Every structure is written in C-alpha cells, then in structure tokens.
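What follows is calculated from the coordinates using simple rules that are stated; it is not laboratory data. Since the structure is predicted, the reported quantities are computational estimates derived from the model, not experimental observations. Please note: Cβ atoms are built from the backbone with ideal geometry, for glycine as well, and neighbour counts cover all protein chains shown.
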Amino acid sequence: MPDPFLIHPYFLDFVLPFVLVFTLIFAILQKTQILGDDKRQIDALIGGVAGLMLIAFPAARSIVVLLMPFLAVSAVLLLVFMLLYGFILGKKEGDPVLGKAWQVTFGAILFVALVTFFLMITGYWDMVYYFFFGSNSSQVWANIVLIVAIAAAVGAVLWGSK
C-alpha cells in the first residue's frame, strides 16, 4: 500500500523544508525591507534560492527536518501553559482574582505539573524518578540542598536590609 501524500518521504524531506525556508526568508525580507519597498519579486527570488540551497545540502536539510518536531511540541506545550496560566491570572491584568503571591505559587505548581506530565507521556519519568529517588539519590539531594542554601544566602545578601 502506498504511503499517504502528507507523510511520503519526498514531501517531508524536500517540499516542507523548502516551503518553510522560502516563507521565512520571504517574510523576513518583506518585513525588514532590506532590498527596498515593493520588491516582492526579488524577495521571492532570494527566498526561493535559499530554499533550494537548503534542499541541495543534506546536512542543513536534516537539521531543519529534525528541529521542526521539537518546535511543534514546544509550541503546543507553551500554548497549554499559557492557557492554563491565563485561567490562574483572572480576567484582565488590572483586575486580578488572586494576589501576586498566589499567582506565582499556582504558576509554579502548573509548571511542575506540566513538566511532570510531559516526562510521563514521553517515557522519561522512570529515569528522572530513579535519578532523584534511586540508589545514589542521597548525593543528588545533598547537592540540591547545598545549591538551595547558597541561593538563599546570596538572596539574603542581595535583598536583605542594610
């Protein structure tokens, strides 16, 4: 059975990277107007050349192809965090439902929950759990306590009263 068009290797490795680089270069040239006003054809030509050059070099193309899933996952994680944090903040910036301390607290809890969920769905939770609570965990916790103590001392010196 043939592959569907959108996941065919030629489409994923050649067409999508070309369109991405062409669009990015064209948009940057249009926004900055480096080559002058109303130079859409020249901007498109340079974007096309940059896209074709990307396709011609497999190392550069593979970097772009391998970075795009990371970008997509990061954008979705950021969107989820911003949506949930928007629920915590309240209606508007001038009209907070909670105090600033509660907003920071709930934001930190949300961040930890989102990172934990991400680790669980990707399968890395067991490795992280073993790192913190495994056989050599006493060394890890001793280092964490030391770092927190140093940070607290620096904070006390910087923000303490004179």
key: Computed helical MRE - 222 nm, the chain, DSSP H runs ≥ 4 contributing -39500 (n - 2.57), nearest 500   = -25500 deg cm²/dmol
request  = Arrange the following residues from fewest to most other Cβ atoms within 10 Å of their Cβ: Lys31, Lys39.
outcome  = Lys31, Lys39
key: Cα-projected label distance for Leu35 with Trp141, points at 7 Å along beta-carbon direction, nm   = 6.3
query = Where in the chain are the helices, taken as whole DSSP H runs, whose Cα atoms extend 18 angstrom or more along the long axis and whose Kyte-Doolittle mean reaches at least 0.0?
reply = 16-32, 40-56, 58-89, 100-122, 137-159
key: Residue-wise HN-Hα coupling along segment 4-12, computed from phi with Karplus coefficients 6.51, -1.76, 1.60 (Hz; x: Gly, Pro)   = x, 4, 6, 10, 5, x, 5, 5, 6
ask   = What list do you get for Asp37, Asp43, Asp3, Asp13 if you sort them by fewest beta carbons within 10 Å?
value = Asp37, Asp3, Asp13, Asp43
